[in-house]
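Right, one structure below, let's go through it.
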Amino acid sequence: MARTQVHDDERILSTLNVDGSRRWIRPKPSRGRYWKRRRAVAYGLIAMFTALPHIPINGKPAVLLNVAQREFTILGTTFYPTDTLLLALLMVGVFLAVFLLTAIFGRVWCGWGCPQTVYMEWVYRPIERFLEGEPGGKRGVIKDPGVAKALKYAAFFVVSCFLAHTFLSYFVGVAQLRTWMTRSPLEHPSSFIIMAAVTGLMMVDFAFFREQICLLACPYGRFQSVLLDRGSLIVGYDRRRGEPRGKLAGVGLSLTILPGGAAPAQGDCIDCFKCVTTCPTGIDIRNGLQLECIHCTQCVDACDAVMDKIGKPRGLIRYASQSALDGETRRGIRPRVVFYPAMLLVVIAAFVVVLVGKGTADFNVVRGIGRPFNVLPTGDVANQLRVKIVNRDSRERAYTLTLEGVEGALRAEANPVVLAPGKAFSQQVTVIMPMATFGAGHMVEAVLRARDGASLDRPVTIRLLGPESARTRDDAPSSHETEEDSDG
Ligand code: SF4
Ligand code: SF4
């Protein structure tokens, strides 16, 4: 197929050749001080990610995101579908924390904490380098390139399998996962297909898609231009010190900054391209802050090693704000670093207040689906209600439904209801009241309670409808069938 040529001066994605084909990146690692720190952080994160679903807190997994049951357990606290406000506050809090982190430290998450970077740089690439060797560096342990490649993909497959299982354990729990793993796939084909599909996705991502996730798919990278300001910490090239760049021969004559602002004969950059060949997204940091830069600090380590060799101070590429790199004074206090923490505090306070006010159970009553009420052959009026109880406690509880003031009017299939910790139960109940109750033309307010014999005693006030009250309701139908009518 014919490829579109791109003009030489056009800015194209760092992983594209000018003819539009993929430029495969094989970065040369720079094992400097940041490399060692990132490695320690990465292995700590991998250990944590692997262990979290296995660690119990309050008898529950530390993290379990049970989407099917719509129950989300985070650090021993389970959120149910009734916790919409809490979940919304949690999400807003996470976003604000990310905004704040980015405003202060730039894309530190991308370079140090994102699973894509962590697994790519500290698991998959090391396997690749071990078997196939480093570009322009150490040779791999397998001499035959074909065998090395085959072994690499086999190793990638094993790691992807393990990673997929770990990932799935966050959504189905380790007990369920163990069951899946120990049974024949024929006994649970759908779950086996899910596991195989997730493994395949991991494989495609880390073996082929790689940095394209950061460049094309991740929305966070796209947002960075609005999340960062000139005071945010970035990985940046000190243009004032490095330019005009030139090959090593002229370095002995170079001056960093001449007094009086005169242009130096040559800057400290010796144009060795080590910062480019080490970059996992293939960019040249000397062209300024770019969307592709994940702030991995590899170019910092590469350039520091060069500066050590040529006897120049480190930090030609370094962590600094854009204003500091431009020679301006960095403003520590900026509107966004005041606004985000203030908002975050408000959200955290609201979250704590709502969480503490939740008690040990959720109790909710809504009207049943269908007719607002039925007039029974006896002349009594029946209202259908749907009652939901969620046991938020860590112990088994028995809940008894009572309707205050009109004892005997409540008909429920299960009452009391015994619930295991974290379980929810909903049922349709019927409230049967004499017709005369509604004779005055008003709705009846009843108080329904779910008592567990100990703490739960939060009533829900409901409105019971009858023939007279229905006529007074704006949204009520003008007439209602009785059961006799409908039967007939
Ligand atoms: S590694 Fe440093 S000296 Fe070499 S090209 Fe990059 S910025 Fe210049
Ligand atoms: S420019 Fe430097 S910090 Fe940015 S991605 Fe490349 S190597 Fe990492």
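Is it the case that region 358-368 has a residue that's in a strand (DSSP E or B), within 16 Å of ligand 1 (Cβ to nearest atom) and either surrounded by fewer than 16 Cβ atoms within 10 Å (Cβ to Cβ) or of a type outside the set (V, I, T) (or both)?
From region 358-368, those in a strand (DSSP E or B) are 361-367; that's our starting set.
Those still in the list that are within 16 Å of ligand 1 (Cβ to nearest atom) too: none.
Looking through region 358-368, none of the residues is in a strand (DSSP E or B), within 16 Å of ligand 1 (Cβ to nearest atom) and either surrounded by fewer than 16 Cβ atoms within 10 Å (Cβ to Cβ) or of a type outside the set (V, I, T) (or both).
Collect the residues in region 369-379 that are touching a Pro at 6+ places or on another chain (Cβ under 9 Å) and in a strand (DSSP E or B), keeping them in residue-number order.
Answer for region 369-379, where residues must be touching a Pro at 6+ places or on another chain (Cβ under 9 Å) and in a strand (DSSP E or B): just V375.
Applying the selection to region 12-49, what residues are surrounded by fewer than 14 Cβ atoms within 10 Å (Cβ to Cβ) and among the β-branched types (V, I, T)?
Once the filter is applied, which keeps residues that are surrounded by fewer than 14 Cβ atoms within 10 Å (Cβ to Cβ) and among the β-branched types (V, I, T), region 12-49 yields only I12.
Which ones in region 287-300 are part of a helix (DSSP H, G or I) and either within 27 Å of the chain's Cα centre (by Cα) or more than 9 Å from ligand 2 (Cβ to nearest atom) (or both)?
Going through region 287-300, the residues part of a helix (DSSP H, G or I) turn out to be 287, 298-300.
Hits for region 287-300 are N287, Q298.
Condition (residue is assigned to a helix (DSSP H, G or I), surrounded by 15 or more Cβ atoms within 10 Å (Cβ to Cβ), polar (S, T, N, Q) and modelled with pLDDT under 90) applied to region 159-182: is it met by at least one residue? Break it down into steps so the answer makes sense when it comes.
Within region 159-182, the subset assigned to a helix (DSSP H, G or I) is 159-172, 174-182.
Still in the list and also surrounded by 15 or more Cβ atoms within 10 Å (Cβ to Cβ): 159-161, 163-172, 174, 176-177, 180.
Going one step further and asking which of them are polar (S, T, N, Q), we end up with 160, 166, 169, 176.
From the residues that got through so far, the ones that are modelled with pLDDT under 90 too are 176.
Scanning region 159-182 turns up at least one residue that is assigned to a helix (DSSP H, G or I), surrounded by 15 or more Cβ atoms within 10 Å (Cβ to Cβ), polar (S, T, N, Q) and modelled with pLDDT under 90.
I'd like to verify a number: residues in region 316-347 that are away from ligand 1 (no atom under 16 Å from the Cβ), in a loop (DSSP other than H, G, I, E, B) and either touching a residue at least 40 places away in the same chain (Cβ under 8 Å) or of a type in the set (K, R) (or both), how many?
Going through region 316-347, the residues away from ligand 1 (no atom under 16 Å from the Cβ) turn out to be 321-324, 326-347.
This time we only want the ones that are in a loop (DSSP other than H, G, I, E, B), so: 326-334.
If we keep only those that are either touching a residue at least 40 places away in the same chain (Cβ under 8 Å) or of a type in the set (K, R) (or both) as well, we get 326-328, 330-332, 334.
Final tally of qualifying residues: 7.
Just checking, how many residues over region 265-283 are within 10 Å of ligand 1 (Cβ to nearest atom) and without any contact (Cβ under 8 Å) to a residue 40 or more places away in the chain?
Count: 5.
Filter region 75-109 for residues that are of a type in the set (S, T, N, Q) and part of a helix (DSSP H, G or I); which is farthest from L355 (Cα to Cα)?
So, considering only residues that are of a type in the set (S, T, N, Q) and part of a helix (DSSP H, G or I), the one farthest from L355 (Cα to Cα) is T102.
Can you tell which of A350, A382, A305 is touching a Ser or Thr at 6+ places or on another chain (Cβ under 7 Å), in a helix (DSSP H, G or I) and touching a residue at least 12 places away in the same chain (Cβ under 8 Å)?
On the way: A350 fails: touching a Ser or Thr at 6+ places or on another chain (Cβ under 7 Å); A382 fails: in a helix (DSSP H, G or I).
Of the residues listed, the single one that is touching a Ser or Thr at 6+ places or on another chain (Cβ under 7 Å), in a helix (DSSP H, G or I) and touching a residue at least 12 places away in the same chain (Cβ under 8 Å) is A305.
Check G231, G221, G236 and return the single one that is within 16 Å of ligand 1 (Cβ to nearest atom) and closer than 30 Å to F339 by Cα. Give the derivation first.
Working: G231 fails: within 16 Å of ligand 1 (Cβ to nearest atom); G221 fails: within 16 Å of ligand 1 (Cβ to nearest atom).
Answer to the check: G236.
Residue by residue through region 129-158, note down the ones that are modelled with pLDDT of 95 or more and either not in a helix (DSSP H, G or I) or not hydrophobic (A, V, I, L, M, F, W, C) (or both).
Within region 129-158, K152, Y153 meet the criteria.
Hey, among K152, K143, K138, which residue is surrounded by 18 or more Cβ atoms within 10 Å (Cβ to Cβ) and among the basic types (K, R)?
Matching residue, one of K152, K143, K138: K152.
A207 - would you say it is over 21 Å from the mean Cα position of the chain (by Cα), touching a residue at least 60 places away in the same chain (Cβ under 8 Å) and within 30 Å of E292 (Cβ to Cβ)? Before the answer, list the steps.
On the way: over 21 Å from the mean Cα position of the chain (by Cα): yes; touching a residue at least 60 places away in the same chain (Cβ under 8 Å): yes; within 30 Å of E292 (Cβ to Cβ): yes.
For A207, the condition - over 21 Å from the mean Cα position of the chain (by Cα), touching a residue at least 60 places away in the same chain (Cβ under 8 Å) and within 30 Å of E292 (Cβ to Cβ) - is met.
The values are calculated or read from the model by the stated rules, or taken from the named source; none is laboratory data. These figures come from a predicted structure and were not determined experimentally. Heads up, the Cβs are rebuilt from the backbone with ideal geometry, glycines too, and the neighbour counts pull from every protein chain shown.
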